[in-house]
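A.B. asks: Dropping a structure here in structure tokens format, bear with me for questions.
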Amino acid sequence: MGLMAQPVRRIEDGRFITGRGRYVDDVKMEGAAVGYLLRSPYSHARIRAIDVEAAREAPGVIGIITGADLEAAGVGHLGSAFPASALKNRDGSNRFDGDRALLTTDVVRYVGEPVVFIVATSQNAAKDAGELVVVDYEELPALASIDEAIADGAPLVWPEAPGNIALDWEQGDEAATEAAFATAAHVTSLELVNNRIVVNSMEPRGSAGRYDPATDSYELYATTQGSHPVSDMVARRVLRIPSDKLRVVTPDVGGGFGLKMSTFAEYPLVLIASKQFGVPVKWMSERTEAFLSDSHGRDLKSKAELAFDRDGRIVAYRIKTDFNLGAYGLGFGPGIQSVIPMFVVGGVYKLPVVYNHCRAVFTNTVPVEAYRGAGRPEAAYLLERLMDMASREMGIPQDELRLRNFIPNDELPYHTINGVTIDSGDFPRNLRDCLVNADWAGYPARKAESAGKGLLRGIGLAYYMEKTVGGPTAVEIKFTPNGRVEVGVGTSSHGQGHETAFAQIVADKLGIPMDIIDLNQSDSLRAPYGGGTGGSRSLWNSGNGILKAADNVIAKGAVVAAALLGADVADVSFADGAFQARGSNRYLPILDVAAAARESGKLEGALSESLPDGIDAAGTHEGRGDTFPNGCHICELEIDPETGVVKILAYNVVDDFGFVINPLIVAGQVHGGIAQGIGQALMENCLYEPGSAQLLSGSFMDYTMPRADDLPSFGFAYNEILCTTNPLGIKGCGEAGTVGAAPAVMNAVLDALWEKGVRHVDMPMTPLRVWEALRAAA
Amino acid sequence: MVDSVKVAFSVNGKAVTAEVEPRTLLVTFLREHLGLTGTHVGCDTSQCGACCVHLDGRSVKSCTILTAQADGAAITTIEGLGTPENLHPMQQAFNENHGLQCGFCTPGMIMSATDFAARNPDPAEHEVREWLEGNICRCTGYHNIVKSVQAGARAMAQG
Amino acid sequence: MYAFAYHKPRSLAEAGELLASHDEARLLAGGMTLLPALKQRLAAPTDLVDLGGLADLVGITVSDSEIAIGAMTTHAAVTRNDAVATKIPALATLAGGIGDPQVRHRGTIGGSICNADPAADYPAGVVALGATIVTDRREIAADDFFTGMFETALEPGEIVRQVRFPIPEAAGYAKFPNPASRYAVVGVFVAKTAGGVRVAVTGAGPSVFRIPAMESALAANFSPDSVTGISVPEGELNNDPHATAAYRAHLIGVMARRAVASARNTSEGEN
């Protein structure tokens, strides 16, 4: 029995379940000091002066760094993930991202912005010193929301961004869209809010840095989703040193969800401090600090409209969105609600024409960056809320409306109007399977039963399409002298089970046991270069890369085996982990061949000279990381009208992830994604106080994290419609659950409240909001 | 003004004595003084449960206990529950049922679950979900954690 | 946290002396409220007096007419106690809904009532059951104990030893928890005794309060419908992003009904 498509139990679990994981806070650097950030208590203020003299003298303080110190030392600023040319204003002019020093010198633009870095012998000593720092702030008017920022006469976060617009962007055919709307038989229009989320991975962010004067080089341990992008930013842009003078290591990471893809000021700061003060420095975020210093997710307002013909077929789609960048537009921010949603704007429907106009808005809030799905959940939310409402307005059943608009199987591969090609799928099959699993047909009886108990039952459907995002990087397979096999990848597992999934592929392909395989990832000097893990790309990138590298290993192995067997290379084949020559029953296990390739004397001179790395080989799966996971989510829930409490009774999903290598791991990814979608739909909301832009939901006491008793068990099933554009046939599953869940839940909530006259719902539908909606409709 | 406090208790069966600053939290003592980094810090409002350990046989949040308060107690951390060579049935159950992804909430989750399972040998799903109110996970959506706890409880009852 | 000195007295008298001789000293009970506050640097006591060594303050004693709970008894101990579960099951329910299991293993009734958080559960139970708070100096009636937001009638240095709960004919507690903190947005405790009915509400106002109109209606007819239409003015109620005053006013009615229904179910179950 092969290892592929098997629910192999995870190898990495051993250390996690016994408390032997090694996260950044567990990294011990001898003599390390504690780094602590003094952050702005104001949402918008000019800094007139910073006085650290008293703090410098406080007990336990080793040193203090201000923004002025960094400017004087020529330290660089943080940069953007999107070059200017990739994302321009619709009038052709350049967008404005803001300018971000590690520590601000002149203006603070959000509560939590880092101002002073204190290095001390303990956290308490650093905090004590922090209380002695005197910052003379001159308060400025603040903008807490998109609405405040775009209001006439609003003050400016950046003088360079008039009207607080950082990016004014469009894609699509405005004229054709307008024309289609003008003659459409039916238009469904919704104004929807996608609420701000605090990512809250269970492990907060942290960094530990050490400078070595002997080699004039740095070592950084940080909570990242990929060491190389962080190294690139820190070495080249900030410290302005050659990349090989900085080693960034990402140890075990306690969840990322997009948050930990970015380079934050605290990462280079520990390095700068280490060099300046001669000791290693570790900074770990506290949770309430994380609310103010991590990036946030989502936060946009849209008016979205679908135009239909008389048969309920989509003829056009028009979107207008304002999205909140926060105070800075660096990193991924500007692209997440502009280019990225457009990849999946029509989902799996035939969409003839579309026009999207969106604006990135500056406010005095924490910068908004990638959060699981990064643009695709937002797109699916608009589309599936519209389809749901259109179904109601036109009187076409929910499933029927989807079926009428699906890209038919015989039109796949399908070139969408926004430039992507959906290679494969069987959308009706996933939909129909999900309807069966959810017992859609039996729903009316269940609704009546709930009504008999005075409860409002609702069922909601969403068909989503995801597009994975990523580019190719190399995989290296090395046979080590101690008989193990090291697989080097450019991706960076932080909970996704790569140690197991990749080992399954290697073991299956090379016919070796899983337990001799080690994963080498996310070390900027010792693991292959890569973009890390995000965008659900890792299986596409590294998984397929393993196949390529393994093929190259086998090719090299065949040459060596031929020499050892005294045969012609053309007569050598590889199967079940061993090389065999035609006409002989001798076979050579690949590990033996690898060992022989290392030892001189076993092979003839020229051959061993030509294989300085034995049969080690690398491979890269080239191309764009486009795969199109898709599926159907159905959520069934019950609402207590007396309190507004929403209880999810059943949740079913049928996904298409192409070939599934480890169904256990894939199911886990989907479960977690669904939980985050449910959280956003019913519970989570990051609130800023209007006017002051003070963060109101600043801890778990006010920001509702989904707990076990908030969620149901999930019914997960999948159909394998193989991806035709990569050898493994896989479609990346990491974010898919989040893409489909929020609209499914909200459609169910609306369904439950519909009979009471409620017509509009926005996330999160907390008990208070449900109750208020019912009251308003009564 | 800062006195220090002498403490004596057992951790994972071994006697420990120390003199600490009174404000030293138990989780800090475990992680930094004893090097037992399996117990994690995930929040500062005593809600997330990543710091869960056993104190005199009951699950508690070590981030909300002073080391001084633990004087005389028997403390068990995740490291004391079982090793990779000799896993506790609940640890085994979490691996069997894919009850973890990033692993950060896992030690606290397992320590909380073993306390629950000791008195609930065959728990229903809703009972597990209610018990886990004090343990937050961001990765798994709890589905497989619940299965793990149910399986672990049954295994503990048999063993 | 700011630094402090730590003391673990072996008697109540010693605890009182420590409080008297250090005027910035605070008592440490379970620590489930005090320690998080200290971690956030919201308080800076010079000394902590740990009551954890006072075994006399732990325990539940039962007589025909009342249940006495030692001030250092944990919520978990209360909720698991057979006598409480059979004689005042609503109190077991209340204690079992505080925080989470790990918090309940440490948090104490004394700590809860002395802190007098407007969203804590115990104040509703203490007031509705007409309990008596026994300190190291005197006895204080429940109606006199909670005087405002985070305020009690305790004098400086006064230490609570025990809370004595008369056993009611029927009682029920219904709580609507804040989804994030799980504190009470509204918690209504209803108790029926030979002397009448008491209805106490926590979470909704700056401090626990009774609703006389509901009490008289229920005294005439102890059934959920009796409280229909009796409302509390919104103006006095708390308002926050999770719950407006109007919502709280509405929930008071809902929770009161549910508390009465629960009280009737458990008392009928016993009969």
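A.B. asks: With respect to A:R90, determine if the residue is farther than 22 Å from A:A129 by Cα, open to solvent by 50 Å² or more (accessible area, probe 1.4 Å) and away from chain B (no Cβ under 14 Å).
C.D. replies: yes
A.B. asks: If you don't mind, there's one more thing I want to ask. Of the residues A:G732, A:G691, A:G737, only one is away from chain B (no Cβ under 12 Å), buried (at least 22 other Cβ atoms within 10 Å of the Cβ) and either touching a residue at least 40 places away in the same chain (Cβ under 8 Å) or of a type in the set (S, T, Y) (or both); which?
C.D. replies: Unique residue meeting the criteria: A:G732.
A.B. asks: Another question, if that's okay. Considering the stretch B:81-107 alone, what residues qualify as being in a helix (DSSP H, G or I) and at the interface with chain A (Cβ under 9 Å from one of its Cβ atoms)?
C.D. replies: The answer is B:L81, B:M90, B:Q91, B:Q92, B:F94, B:N95, B:E96, B:T106, B:P107.
A.B. asks: Related question: Please verify whether the stretch A:21-30 includes one or more residues that are open to solvent by 10 Å² or more (accessible area, probe 1.4 Å), without any contact (Cβ under 8 Å) to a residue 60 or more places away in the chain and at negative phi.
C.D. replies: Yes, the stretch A:21-30 has at least one match.
A.B. asks: Here are some conditions: (1) out of contact with any Cys (no Cβ under 9 Å at 6 or more places or on another chain); (2) surrounded by fewer than 18 Cβ atoms within 10 Å (Cβ to Cβ); (3) more than 14 Å from chain B (Cβ to nearest Cβ). A:L696 meets all but one. Which one does it not meet?
C.D. replies: Among (1) out of contact with any Cys (no Cβ under 9 Å at 6 or more places or on another chain); (2) surrounded by fewer than 18 Cβ atoms within 10 Å (Cβ to Cβ); (3) more than 14 Å from chain B (Cβ to nearest Cβ), A:L696 violates only (1).
A.B. asks: Looking at (1) in contact with a Leu (Cβ under 8 Å, 6 or more places away or on another chain); (2) touching a residue at least 12 places away in the same chain (Cβ under 8 Å), which is the one condition that is false for A:V315?
C.D. replies: Evaluating A:V315 over (1) in contact with a Leu (Cβ under 8 Å, 6 or more places away or on another chain); (2) touching a residue at least 12 places away in the same chain (Cβ under 8 Å) leaves (1) as the failure.
A.B. asks: Can I ask one more? Restricting to the stretch B:128-159, what's the tally of residues that are within 10 Å of another protein chain (Cβ to nearest Cβ) and assigned to a helix (DSSP H, G or I)?
C.D. replies: 14
A.B. asks: Give all pairs with beta carbons closer than 6 Å in which a residue from the stretch B:13-37 that is aromatic (F, W, Y) meets a residue that is surrounded by 15 or more Cβ atoms within 10 Å (Cβ to Cβ); count only pairs at least 6 apart in sequence or on separate chains.
C.D. replies: That search, which allows pairs on different chains as well, returns B:F29/B:T67.
A.B. asks: Can you tell which of A:G67, A:G92, A:G79 is in contact with a Leu (Cβ under 9 Å, 6 or more places away or on another chain) and at pLDDT 95 or above?
C.D. replies: A:G67
A.B. asks: If you don't mind, another one. For the subset of the stretch A:746-778 comprising residues that are more than 11 Å from chain C (Cβ to nearest Cβ) and among the acidic types (D, E), which member is surrounded by the fewest Cβ atoms within 10 Å (Cβ to Cβ)?
C.D. replies: In this case the residue turns out to be A:E755.
A.B. asks: Return yes when C:V208 is buried (at least 18 other Cβ atoms within 10 Å of the Cβ), within 13 Å of chain A (Cβ to nearest Cβ) and modelled with pLDDT of 95 or more and no when it is not.
C.D. replies: no
A.B. asks: Could you say which residue among C:A85, C:A20, C:A13, C:A43 is in contact with a helix residue (DSSP H, G or I) (Cβ under 6 Å, 6 or more places away or on another chain), surrounded by fewer than 17 Cβ atoms within 10 Å (Cβ to Cβ) and more than 14 Å from chain B (Cβ to nearest Cβ)?
C.D. replies: C:A85 is the lone residue from the list that is in contact with a helix residue (DSSP H, G or I) (Cβ under 6 Å, 6 or more places away or on another chain), surrounded by fewer than 17 Cβ atoms within 10 Å (Cβ to Cβ) and more than 14 Å from chain B (Cβ to nearest Cβ).
A.B. asks: Pick out, from the stretch A:1-77, the helices (runs of 4 or more DSSP H) lying fully within it that include 3 or more residues that are within 14 Å of chain B (Cβ to nearest Cβ).
C.D. replies: So the answer is A:13-17.
A.B. asks: Taking the stretch A:451-462 as the region of interest, how many residues are in contact (Cβ under 8 Å) with a residue 24 or more places away in the chain and either within 22 Å of A:A736 (Cα to Cα) or over 32 Å from the mean Cα position of the chain (by Cα) (or both)?
C.D. replies: Going through the stretch A:451-462 one residue at a time, the tally reaches 8.
A.B. asks: Next up: Of the residues that make up the stretch A:276-283, is at least one open to solvent by 30 Å² or more (accessible area, probe 1.4 Å), within 14 Å of another protein chain (Cβ to nearest Cβ) and in contact with a helix residue (DSSP H, G or I) (Cβ under 8 Å, 6 or more places away or on another chain)?
C.D. replies: Yes.
A.B. asks: Could you look through the stretch A:363-415, keep only residues that are over 20 Å from A:G312 (Cβ atoms) and of a type in the set (G, A, S), and pick out the one that is surrounded by the most Cβ atoms within 10 Å (Cβ to Cβ)?
C.D. replies: Restricting to residues being over 20 Å from A:G312 (Cβ atoms) and of a type in the set (G, A, S), the top hit is A:G373.
A.B. asks: Another question about this same structure. In the stretch A:118-132, which residues are open to solvent by less than 20 Å² (accessible area, probe 1.4 Å) and among the hydrophobic types (A, V, I, L, M, F, W, C)?
C.D. replies: Selection gives A:I118, A:V119, A:A120, A:A125, A:A126, A:A129.
A.B. asks: I would also like to ask the following. Looking at B:L25, B:L81, B:L36, which is the one that is closer than 30 Å to A:D702 by Cβ, open to solvent by 10 Å² or more (accessible area, probe 1.4 Å) and at pLDDT 95 or above?
C.D. replies: B:L25
A.B. asks: Next question, about the same structure. When you scan the stretch C:147-200, how many residues do you find that are within 20 Å of C:I60 (Cα to Cα), assigned to a loop (DSSP other than H, G, I, E, B) and open to solvent by less than 10 Å² (accessible area, probe 1.4 Å)?
C.D. replies: Residues flagged as within 20 Å of C:I60 (Cα to Cα), assigned to a loop (DSSP other than H, G, I, E, B) and open to solvent by less than 10 Å² (accessible area, probe 1.4 Å) within the stretch C:147-200 amount to 1.
A.B. asks: Give the residues of the stretch C:118-146 that are part of a loop (DSSP other than H, G, I, E, B) and either modelled with pLDDT under 95 or open to solvent by 30 Å² or more (accessible area, probe 1.4 Å) (or both), sorted by residue number.
C.D. replies: Of everything in the stretch C:118-146, those that are part of a loop (DSSP other than H, G, I, E, B) and either modelled with pLDDT under 95 or open to solvent by 30 Å² or more (accessible area, probe 1.4 Å) (or both) turn out to be C:D136, C:R137, C:R138.
A.B. asks: Give the residues of the stretch C:224-247 that are surrounded by fewer than 17 Cβ atoms within 10 Å (Cβ to Cβ), farther than 24 Å from C:G196 by Cβ and away from every other protein chain (no Cβ under 12 Å), sorted by residue number.
C.D. replies: Within the stretch C:224-247, C:E234, C:G235 meet the criteria.
A.B. asks: Hey, can you tell me all the residues within the stretch B:6-58 that are of a type in the set (D, E), within 11 Å of chain A (Cβ to nearest Cβ) and over 20 Å from B:I78 (Cβ atoms)?
C.D. replies: B:E21, B:D44
A.B. asks: Now for a separate question. Limited to the stretch B:40-53, what total is found for residues that are surrounded by fewer than 24 Cβ atoms within 10 Å (Cβ to Cβ) and either modelled with pLDDT under 95 or in contact with a Ser or Thr (Cβ under 6 Å, 6 or more places away or on another chain) (or both)?
C.D. replies: Summing the residues that are surrounded by fewer than 24 Cβ atoms within 10 Å (Cβ to Cβ) and either modelled with pLDDT under 95 or in contact with a Ser or Thr (Cβ under 6 Å, 6 or more places away or on another chain) (or both) in the stretch B:40-53 gives 2.
Let's see how each residue does on (1) more than 18 Å from the chain's Cα centre (by Cα); (2) of a type outside the set (D, E):
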residue	(1), (2)
A:L435	yes, yes
A:E449	yes, no
A:Y464	no, yes
A:K478	yes, yes
A:V485	yes, yes
A:G488	yes, yes
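A.B. asks: Regarding the stretch C:248-263, can at least one residue be identified that is away from every other protein chain (no Cβ under 14 Å) and surrounded by fewer than 24 Cβ atoms within 10 Å (Cβ to Cβ)?
C.D. replies: yes
A.B. asks: Being in contact with a helix residue (DSSP H, G or I) (Cβ under 7 Å, 6 or more places away or on another chain) and at the interface with another protein chain (Cβ under 8 Å from one of its Cβ atoms) is the filter; apply it to the stretch A:652-668 and report the residue that is nearest to A:F714 (Cα to Cα).
C.D. replies: The qualifying residue nearest to A:F714 (Cα to Cα) is A:G668.
A.B. asks: I would also like to ask the following. Taking the options A:T215, A:T183, A:T188, name whichever one is of a type in the set (S, T, Y) and open to solvent by less than 20 Å² (accessible area, probe 1.4 Å).
C.D. replies: Selected residue: A:T188, the only one of A:T215, A:T183, A:T188 that is of a type in the set (S, T, Y) and open to solvent by less than 20 Å² (accessible area, probe 1.4 Å).
A.B. asks: Step by step: first the residues of the stretch A:288-313, then only those that are within 14 Å of chain B (Cβ to nearest Cβ) and within 20 Å of the chain's Cα centre (by Cα), then the one that is most open to solvent (accessible area, probe 1.4 Å). Which residue is that?
C.D. replies: Per the stated criteria, the residue is A:L292.
The values are calculated or read from the model by the stated rules, or taken from the named source; none is laboratory data. None of the values given here were measured: they were computed from a predicted structure. Glycine gets a Cβ as well: all are built from the backbone with ideal geometry, and neighbour counts include every protein chain shown. Ligands, DNA and RNA are stripped out before the accessible areas are found, and what is left, the full protein with its side chains, is counted by its heavy atoms. Shrake-Rupley method; radii C 1.70, N 1.55, O 1.52, S 1.80 Å.
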